[in-house]
Amino acid sequence: YYNFLRLGRAGYREIMINLQETARFLAAAIKDTGHFELISDDSGLPLVCFRLNTERAYSVFDVSDHLRARGWIVPAYTLAPNAEHIAVLRIVVREGLSRDMAELLVDDINRTIEHFDSVYGGVTTPTRHKSRQRRKTRAAC
């Protein structure tokens, strides 16, 4: 609200357009890796929600932990009741996330998948209606 008052409608609109463009870039780049299925659509919110597109020996919780070790906060969680078998990663694009930083994030996501695929051997089976047990993650302060 403060930014809206300070920047006015035109200034705030420009910021939101830039955030949405960065979110679109991230969504396309993450999809282009071939490792993820997008859950979110281009609904106007600057966020990207996605999951692994195949069953693997590691989970989105492992991906989130590995990205956190590289300095990124990309939370992983299961969806609401009746969809808790779906575990996702979510990136909320905020004003401080530039296009250059988004490219670095995609590079780190690719490195993370390459790391886990080399350690665990990659894809096991397609992810379809298979229940996963949620793994608790440490809270970060």
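When only the heavy atoms of the protein chains count and the probe is 1.4 Å, how do Thr54, Thr112 rank by accessible area, highest first?
Heavy-atom accessible area, descending, gives Thr54, Thr112.
Just the number, please: Stokes-Einstein D of the stretch 1-83 in µm²/s, Kirkwood Rh from C-alpha pairs, 37 °C, 0.692 mPa s.
221
Using just the helices of the chain, give the 222 nm mean residue ellipticity in deg cm²/dmol: DSSP H runs with n ≥ 4 each add -39,500 (n - 2.57), and the total is spread over all residues, rounded to 500. Provide the component values of the computation, followed by the final result.
On the way: 3 runs with 63 residues, N = 141.
Computed mean residue ellipticity for the chain: -15500 deg cm²/dmol.
Give me, ordered by chain and number, the residues 5 or more places off Asn53 or on other chains with an amide H under 5 Å from its own placed amide H.
Amide H to amide H, under 5 Å and 5 or more residues apart or across chains, Asn53 pairs with Phe36, Glu37.
Going through the DSSP H helices of the chain, which span 27 Å or more along their own axis at the Cα atoms while scoring at least -0.5 as a mean Kyte-Doolittle hydropathy?
What comes out of the filter, once short or polar helices are dropped, is 2-32, 99-120.
Report the rotationally averaged projected area of the chain based on its alpha-carbon convex hull, in square nanometres. All intermediate terms of the calculation are to be shown ahead of the outcome.
On the way: hull surface 38.6 nm².
That works out to 9.7 nm².
Quick one: putting +1 on the C-beta of Lys and Arg, -1 on the C-beta of Asp and Glu, what dipole do you get for the chain around its Cα centre, in Debye to the nearest 20?
With only Lys, Arg, Asp and Glu charged at Cβ, the dipole is about 560 debye.
At 1.4 Å probe size, with the rest of the protein present, what percent of the exposed accessible area of the stretch 1-99 is carbon and sulfur atoms?
53
What FRET efficiency comes out for Tyr2 versus Arg94 if R0 is 25 angstrom and r is the Cβ-Cβ distance? Round to the nearest 0.05.
Efficiency, from the Cβ-Cβ distance: 0.95.
Taking only protein heavy atoms into account and a 1.4 Å probe, give the accessible area per residue of the chain in Å².
Values: 8970 Å² over 141 residues.
Ligands and nucleic acids excluded, the figure is 64 Å² per residue.
The values are calculated or read from the model by the stated rules, or taken from the named source; none is laboratory data. Worth saying up front: this structure is predicted, and the values here are computed from it rather than measured. Heads up, the Cβs are rebuilt from the backbone with ideal geometry, glycines too, and the neighbour counts pull from every protein chain shown. For the accessible areas, the whole protein counts, side chains as well, though only heavy atoms, and no ligand, DNA or RNA atoms are used. Shrake-Rupley method; radii C 1.70, N 1.55, O 1.52, S 1.80 Å.
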